[in-house]
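Heads up: the structure comes next, in structure tokens.
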Amino acid sequence: MNRKPKMRKYTKKDFDRQFPDDATCLEWLKSYLYPDGVFCEKCNRVTKHHRVASRPSYSCDYCGHHVHPTAGTIFHKSPTPLTLWFHAIYLMASTRCGISAKQIERETGVTYKTAWRMFKQIRSMLEEDSPIGGKGRSVKMDEAYFGGRRKGGGGRRLRGDRGEQYKTVVFGIAERKGRIIAKTVENASGATLLPTVREYVMPKSTVFTDELPSYHGIPHMQAMGYVHRRINHSEKVYVMGDIHTNT
């Protein structure tokens, strides 16, 4: 009988080895946010960037445009070193019962005011179902059907089909290599899906969907400022550059 290999615990020693200084933390954050390379807004393409020594940013090798990995994150404009932020995240994520702001103060050496702010920000990111995406971030969404087979054969359930009661609609929203929110919903109509998008996707996100008519209203949600990109699966098109819903 084959036994599953025992998973090795990630220890404080491992953490110190992986994140020894702020530069390493910033490089990790850049790689996490831009897994396929940094897109330069001026060059309008992915270009090679180098670290700027005088500030926590990266500069395009071709035009000099700066990209700040901490912008739009909980680290934005924080004078607290990234190593302390990462350490606090490690503490909060590695215990099942959670820790207090007072313990963050003791462990990191920051003031209680700073520890409380860090605690509050980190907890907001760890909470289930907090909004995802944001300006410059990509969010992909799709609906799936789970349950019994349709009457008269297999295939995707359609609204109004007699076998409808045998399937449950699950609506998935995913960040690019980030968090996923999955919700059971009553149906896949625009009246159901669009309010869910508004609730869980932050303003100015770039939203990727297929051609389902229920998503037609996304560009018209003016207050949210979404950028909408679509893939026409009905025409056997599943990927166009970086536009897809395969996640």
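Here are some notes:
- Residues in segment 51-82 that are under 15 Å from TRP28 (Cβ atoms) and surrounded by fewer than 15 Cβ atoms within 10 Å (Cβ to Cβ): ARG51 only.
- Qualifying residue in segment 179-192 (condition: in contact (Cβ under 8 Å) with a residue 24 or more places away in the chain, touching a Gly at 6+ places or on another chain (Cβ under 8 Å) and among the small types (Gly, Ala, Ser)): yes
- Test: residue in segment 81-89 that is of a type in the set (S, T, N, Q), in contact with a helix residue (DSSP H, G or I) (Cβ under 7 Å, 6 or more places away or on another chain) and closer than 24 Å to VAL52 by Cα: yes
- Matching option when the condition is crowded, with 17+ Cβ neighbours inside 10 Å, in a helix (DSSP H, G or I) and modelled with pLDDT of 85 or more, among VAL169, VAL197: VAL197
- Residue within segment 124-141 that is closer than 24 Å to THR83 by Cβ and modelled with pLDDT of 85 or more present: no
- Segment 172-194 - residue that is in a strand (DSSP E or B) and charged (D, E, K, R) and, of those, most open to solvent (accessible area, probe 1.4 Å): LYS183
- The combined condition, being part of a helix (DSSP H, G or I), among the aliphatic types (A, V, I, L, M) and under 18 Å from ARG137 (Cβ atoms), is fulfilled by LEU29.
- Number of the exception - TYR10 against (1) touching a residue at least 40 places away in the same chain (Cβ under 8 Å); (2) under 22 Å from LYS135 (Cα atoms); (3) among the hydroxyl-bearing types (Ser, Thr, Tyr); (4) in contact with a Ser or Thr (Cβ under 9 Å, 6 or more places away or on another chain): (2)
The values are calculated or read from the model by the stated rules, or taken from the named source; none is laboratory data. This one's a predicted model, so the numbers in the text were calculated from it and none came from an experiment. When we count neighbours, we look across all protein chains shown, and the Cβ atoms used for this are built from the backbone with ideal geometry, even at glycine. Remember, those area values only see protein heavy atoms, side chains included, never the ligands or the DNA or RNA. Shrake-Rupley method; radii C 1.70, N 1.55, O 1.52, S 1.80 Å.
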